[in-house]
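Laboratory data are not the source of any read-out in this text; all were calculated from the coordinates shown. Values in this document were obtained by computation on a predicted structure and should not be read as measured data.
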Amino acid sequence: MRFLGLLMALLVGGAAFAQTGKPVFEFTSMGKGSNITLQVKATIPAGTIVYSNNGEELPGTAITFDSSIANNISVMGSTPQGELQKKDAQLDNADVKYFEKNLAIDYQLQLKEPVEYIKGTINYMGYSDSGFVGPEAVEFLLKKQADGSYGLGAAIVNDSTLKLPTVDLNNPVSDCGVAKGDHSGLWKVFLLGLLGGLVALFTPCVFPMIPLTVSFFTKKSGDKSKGTGNALLYGLFIFLIYVALSIPFHIFKLGDNVYNEISTNIYLNIFFFVIFVVFAISFFGYFEITLPSSLANKTDSKQGRNFLGIFFMALTLVIVSFSCTGPILGTLLAGTASGGEWALTAGLAGFGVAFGLPFALFAMFPQWLAKLPKSGGWMTSLKVVLGFIELGLAFKFFSNADLAGHFGILKREVFFGIWILLALATFAYLMGWFTFKKEYGTGKIGMPRKILAFVFLAFAIYLSPGLTNTKYANVALVSGFPPPFTQSVYKNSVNKINHFTDYFEAVKVAKERNMPLLVDFTGYACVNCRKMEENVWPTNVVKTEMDKFILVSLYVDDKKALPVEKQFKYTTKDGLGKKIVTVGDKWATFESENFGAISQPWYALLSPDGKLLAPPVGYTPDEKEYAAWLRCGYEAFVKSK
């Protein structure tokens, strides 16, 4: 009954929880070693009371400790200091104890082992003239001192410094330039999916199915127009099945920055690395990745010539061809993870179009079938080539994990060396110098295969400057895939740009030098960021303009944890509470709060006092356009002084 009384009181009198009349807490400690007394005090505004510990069914003040140290701390007891009041505080006539004007509780703690800090939460609830106060949670932190004691602590409150009140996106100092991002991104993903689907068509699991399926519709339907219509429907169902794979991502919204978190998650990238190596071994013919045969048999049994039967025919093809399409599809999905649900849909749509359209086209124009190349060993060779490509892509994911975790294992030049070796191995394979375990001799090497072999040889030669630290070390065609120049084995690698990685430190220098700031929101796994840094920034026209700015690069996917004392809670502009634990958390929130963006790269020009000089821009591969934007921002800064 007491609990029900509390619930009714909350619903009627304090459902919104009063935001005024909150107590102000402070934390101190006594003792050293394993026995510590944590002293919690609070000043309570007039007209407000805070409940003491009143048992499990009634509200009170309680303490919990951070999960990182909770197993090492035992609360041996708690002692309220001063005189507690007692009355039936709106709780079903229940007598409760409460604090008024001042709160003071001593917690006797026992530490199993020494800890560097004592971090936790005080949970309390109170009542004021305007209704209930809370339930509220106040975090605190006390750091270990040189003498073994724990110093003066403080409540960890929302950090308002992430929001710059001077940034007005609607009214920059100059309106030159147009705020933009890389709006062609979805089309690029669609085209990548289209390319992946076309490659999948020429694999042994799919290519032989084209004439068989087309013949089924054109010869067994009885009516040519009906057969063509059924084939078109068959192709449409293939497209829809692949697109449908992205539907769950639209239903279960994961949040703006979650896809970016996924794409740079250390463990997930290591998982992708392992999976891609497995895909490669599969393509080399050592085993096949297939879906359960029972699933294929079940869909196959439902085939027919009616509307539903044609759907199951399409579904059967998707399932039985998985051993060839799975790795290609996996590459596509993993590569578009950071783009969000629409990028996944675009990629799958492109794949579905390329995969389903030929069946419809060949049914409409059956004479084209005669021009198709015959099935043969070339399809197996194509799978092996794809295996080498999968291995190369695997190391991109390993690099993502290495960069996000600050491990420094995979250096830039080592990455290039691996890709060069894989390109040379592909060349040697295509030239027939070696075969794989289950592959028959290649016999005479045809001209198309030789041409493809020399393409890979040329690619290996093209990559070779990446092994050096000369001015040619920037291999523009693959920018964004190898680790950046900062991950070089050479101490003085070319194009290594020295700049700040903390906005607030950069502001101090900008004020001292009276220079504007170029704020670069970037990411370790951001391909377009590397393209800008390696292909656009070093050009003379851009470098001349960038030298006028204090450059600060803020990595939104940095997994490095902030020092415990610098971790905090932040209330976003949407009123949502967010814990800022890592460096990436801080700068991703900083970007979204001030510039309304979550994409990378994203560039903003600010004066030392935080005024927006020009509309922000995203990926801008045209160096003249980017230089003009920088020049415009600097001129706005000069005029505003």
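Cα-Cα over 20 Å: which of Lys511/Lys611; Lys112/Lys566; Lys383/Lys531; Lys163/Lys611? Going by Cα-Cα distance, Lys112/Lys566; Lys383/Lys531 fall outside the 20 Å limit. When the listed pairs Lys543/Lys641; Lys396/Lys444; Lys41/Lys569 are checked against a 29 Å cut-off, the alpha-carbon distance exceeds it for Lys396/Lys444. Computed as a quarter of the hull surface, the mean projected area of the alpha carbon convex hull for the stretch 521-641 stands at 8.2 nm². Here the average projected area of the convex hull drawn through the C-alpha atoms of the stretch 396-479 stands at 7.2 nm².
What the phi angles of the stretch 279-285 give under the Karplus curve with 6.51, -1.76 and 1.60, with θ = phi - 60°, is a coupling list of 4, 4, 4, 5, 5, 6, x Hz, glycine and proline written as x.
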